[in-house]
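Beneath this line is the structure, given in structure tokens, with notes to follow.
The values are calculated or read from the model by the stated rules, or taken from the named source; none is laboratory data. The shown structure was predicted, so the numbers you read here are calculated from the model rather than taken from an experiment. Counting neighbours? That spans all protein chains shown, and the Cβs are built from the backbone with ideal geometry, glycine included. Side chains are part of the model used for accessible areas, which takes the heavy atoms of the whole protein and leaves out ligands, DNA and RNA. Shrake-Rupley method; radii C 1.70, N 1.55, O 1.52, S 1.80 Å.
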Amino acid sequence: MTLTPRLPLPAGLLLAVGAGLAIPVQGRINGALGGRLDDGIAAAVVSFSIGLVLMILISLVLPKGRAGLARVIPAVRSRAFPPVYVLAGGIGALFVFAQSFTVGLLGVALFTVATVTGQTLSGLLVDRLGIGPAGKRPVTAIRVIGCVLTIAAVAWAVSPRFAGAGGPAGPAGTGSGPEALLLPLLLPVLAGFLMSFQQAMNGTATVHYGTPIAATLVNFVAGMVVLWIAWGVKLALFGPGNPLPAEWWYYLGGPMGCLFIGLGALLVRSLGVLVTGLGMIAGQLLGSLGLDLLVPSPGAVVAPATVLGTLLTLAAIILATLPWPRGALRRLGR
């Protein structure tokens with residue numbers, strides 16, 4: 001087992017933010033591809049397939065990739081970690097399912113708040129249980145306050161989009177009241193909740209493989225199995241969608257996925273699951289803001305709440321990650 005060196009907090013947090021920047025870019029590309037194909041599952045299959053091919057090439061070309069690949073089966077056979085960890089890529093497939101089936105009902109705003117809420121809460125839990133390679137990390141009052149502020153800040157940042165969050169009207173004009181949105185909301189909350197477990201499992205596997213390259217490859221294999229089965233069922237029931245487009249940029253979603261899955265697997269050992277997730281959330285908001293400013297989608301408006309909510313998210317993450325001494329809150333309250 002080869003241990004990768006731990007990163008200093010500032011460097012690791014910057015990398016987590018950088019990994020988060022790839023998430024909205026991937027979402028924009030996959031969303032456009034899904035619209036072009038008229039098939040969200042097919043778009044996910046294309047994205048995952050390209051990511052899998054890329055990770056196979058990287059694993060075969062780079063010496064570290066080959067060494068990590070050679071450690072996968074021995075690590076699983078020796079039960080160096082629970083064998084279920086190799087199925088972590090299925091959580092990524094669930095996240096894609098959640099995007100495909102609920103964004104149209106909830107809108108981007110509610111979907112974002114739901115996934116961030118699930119991911120932030122489970123980040124505290126996973127660190128407390130010590131599932132990731134960083135070991136157990138205490139649930140301090142400062143970390144809880146930082147998490148609550150993060151959820152509130154994300155809600156504020158996406159609040160200008162809440163006007164379209166209700167999605168289309170229900171069948172036969174039944175509308176989409178709060179009770180109709182409850183069940184669709186549970187899926188992105190669950191997907192976000194499980195993302196922290198995925199990062200913890202990937203981080204643990206990375207320690208035993210010696211490189212995040214192997215962990216990322218195993219993720220894509222597991223995710224692809226789930227997505228190909230789902231697409232096969234959809235194909236049998238509803239038939240194929242539109243043909244693949246010729247434009248090259250539609251196929252960049254897979255490499256974006258390689259980037260944030262690989263960096264997430266690398267960073268959880270140094271930062272812990274919660275801080276890695278918070279950094280990626282900050283990057284996700286910054287990336288979304290940058291896309292809306294530089295390459296706006298039709299109808300996109302950058303409102304002051306979006307900018308201020310993004311800045312508050314960064315402040316909340318700093319609050320949650322600084323090494324506050326014990327009893328700091330009590331001393332501040334005096």
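Kindly write out, for the stretch 68-84 in residue order, the coupling ³J(HN,Hα) from the Karplus curve 6.51 cos²θ - 1.76 cosθ + 1.60 (θ = phi - 60°), rounded to whole Hz, with x marking Gly and Pro.
Result, rounded to whole Hz: x, 4, 5, 8, 4, 5, x, 5, 5, 5, 7, 6, 4, 8, x, x, 5.
State, to one decimal in nm, how far the label point of Ala70 lies from the label point of Asp292, with both points 7 Å from Cα in the Cβ direction.
The modelled label-to-label distance comes out at 5.0 nm.
Calculate, for Arg79 and Trp248, the FRET efficiency according to 1/(1 + (r/R0)^6) with r their C-beta to C-beta distance and R0 25 Å; round to the nearest 0.05.
Numbers: r = 43 Å, r/R0 = 1.72.
That gives a FRET efficiency of 0.05.
Kindly rank 214-225, 130-141, 274-285, 239-250 from highest to lowest mean number of other beta carbons found within 10 Å of each residue. Present the calculation step by step, with values, prior to reporting the outcome.
On the way: 214-225: 24.8, 130-141: 17.0, 274-285: 28.2, 239-250: 11.3.
By packing density, highest mean first, the sequence is 274-285, 214-225, 130-141, 239-250.
Once ligands and nucleic acids are excluded and a 1.4 Å probe is used, how much of Ile151 is accessible, expressed in Å² to the nearest 10?
40
Could you run the Karplus curve 6.51 cos²θ - 1.76 cosθ + 1.60 with θ = phi - 60° over the stretch 219-232 and give me ³J(HN,Hα) per residue in whole Hz, x for Gly and Pro?
Along the stretch 219-232, the couplings run 4, 5, 5, 5, x, 5, 4, 4, 5, 5, 5, 4, 5, x Hz.
For the stretch 178-288, what is the Kirkwood estimate of the hydrodynamic radius, computed as the reciprocal of the mean inverse distance between distinct Cα atoms, to one decimal in Å?
Details: mean 1/r = 0.0612 Å⁻¹.
Roughly 16.4 Å, rounded to one decimal.
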